[in-house]
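I have placed the structure first, in the form of structure tokens, so that the comments after it can refer back to it.
Laboratory data are not the source of any read-out in this text; all were calculated from the coordinates shown. Just so you know, these numbers come straight off a predicted model, no measurement behind them. We place every Cβ from the backbone using ideal geometry, glycine too, and count neighbours over all the protein chains shown.
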Amino acid sequence: MRISYNMPALTINLLQNQALNRQSGALSRISSGIKINSAADDPGAFVQSENIRLQVGGLQTAASNVQDGISMLQTAEGGLQEITSMVQRIKTLTIQAGDGATTQDDREKIQGEIDQMIDGVDAMAKDSDFNGLKMLSGNGNQSLTMQVGANYGESVEIPQYELSNTSDGTSKISELYKIKTGAGNDILSGNIDSTLSSIDSVLDTVVSARSKYGALENKFQSNYDNMQSLTDEMTAADSSIRDSDISEEIMNYSKEGIIIQASTAMIAQANKLPQDVLSILQNVK
């Protein structure tokens, strides 16, 4: 039995402090709902959780890119649909002009409407833009690169088409503009077959472009759905790593509370030991 150092009391006090720290940690996890509030709580799980969160953030940004890509493709495809309708009308008028019963005056009127349709095609190609990006004119038949994933190499090339009436002949449908009055292949020249051949070639080009945009739109939609599913799965994985099990933490909190109360009672009991020594000394004469 010692007077200077009450070792039982000191040991119980140490255990009580440890229980208080554990109870404080359980309370923090209950109040925040997160069991890893800092890297010190679980370094390995913290790194794993942060990597998952970085991936989820990248997927969410890529999903936003894909949505913009879908909107852009829909804009371009809408312009191509209108161009298709106008070229089909040009073909109808050209076939009508090929009727042997039409007079020169009739053909001139038909050619006038064809000219209006051709101007409409040129205007539609120039007006089809998304956020300032010209998809059907003024782009030199280049392509856009869009990131559609969170990792390196997950990008898609979106083709741009030059369909306006260019002076340098780079238009994909330059044959259409030669059908205009005085351009060399109008219906007034009398070669209806040549005019129809040019129109068919233009229709093939426009329909092919629409087909490519439609395929890309479907691909983007599939990518978007896949990224949404992957984001949900990775979020669930992060939750299993980082989120607290509230029932377990409440159980731990209650357990540590019992230990603290018991240690408090034991400290009081241990503090009586020096008094017992004093009682013994008082009996010494």
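Less than 5 angstrom separates the built amide H of LEU144 from those of ILE158, GLN160, all sequence-distant by 5 or more or on a different chain.
For region 139-285, the calculated P(r) over all alpha carbon pairs, in 10 Å bins from 0 to the bin holding the longest distance, is 9, 17, 14, 11, 9, 8, 7, 6, 6, 5, 4, 3, 2, 1, 0 percent. Counting charges near VAL207 (Lys, Arg +1; Asp, Glu -1) among other residues having Cβ under 13 Å from its Cβ returns a value of +1.
Here region 66-214 is treated as a Stokes sphere of Kirkwood radius computed over C-alpha pairs; at 25 °C and 0.890 mPa s its diffusion coefficient rounds to 151 µm²/s. Dipole orientation for the chain: of the candidates PHE46, SER85, GLY25, GLY25 has the Cα lying most toward the positive pole (charges on Cβ; Lys, Arg +1; Asp, Glu -1). Select one label from [x] 26.3, 94; [y] 40.0, 149; [z] 18.3, 55: the one whose number is Rg and Dmax of the Cα atoms in Å as derived from the coordinates shown. Answer by label: [y]. Taking region 45-242 as the region of interest, the number of lysine pairs whose Cα atoms are within less than 27 Å, with members eight or more places apart or on different chains, is 25. Counting only chymotrypsin sites (Phe, Trp or Tyr not before Pro) that are in a DSSP loop and have at most 14 other C-beta atoms within 10 Å, tell me the longest site-free stretch of the chain. Value returned for the longest uninterrupted segment is 6-151. Remark: region 215-223, residue by residue, has Karplus-estimated 3J(HN,Hα) of 5, 5, 4, 5, 5, 5, 5, 5, 4 Hz, where x stands for each Gly or Pro and the curve is 6.51 cos²θ - 1.76 cosθ + 1.60 at θ = phi - 60°. Could you work out how far helix 246-270 tilts from the main Cα principal axis of the chain, as a 0 to 90 degree angle to the nearest 10? Approximately 20 degrees, to the nearest 10. Net charge within 15 Å of GLN67 by Cβ-Cβ distance, Lys/Arg positive one each and Asp/Glu negative one each, not counting GLN67 itself? Taking every Cβ under 15 Å from that of GLN67, the sum is -2.
Close amide-amide hydrogen proximity is noted between ASP243 and LYS35, each under 5 Å apart and 5 or more residues distant or on a separate chain (H modeled in the peptide plane; Pro and chain starts excluded).
Cβ crowding within 10 Å, taken as a proxy for footprinting-reagent exposure, orders THR103, THR84 from fewest neighbours to most as THR103, THR84.
Region 235-269 and region 150-220 have Cα centres lying 71 Å from one another. Put in order of Cβ neighbour count within 10 Å, fewest first, the listed residues ASP200, ASP238 become ASP200, ASP238. Panel order for MET251, MET124, by other beta carbons found within 10 Å of each beta carbon, from fewest to most: MET251, MET124.
Relative to the longest principal axis of the Cα atoms of the chain, the long axis of helix 43-97 makes an angle of roughly 10 degrees.
The mean sequence separation of alpha-carbon pairs under 8 Å and at least six residues apart, normalised by the residue count of the chain, gives a relative contact order of 34 percent.
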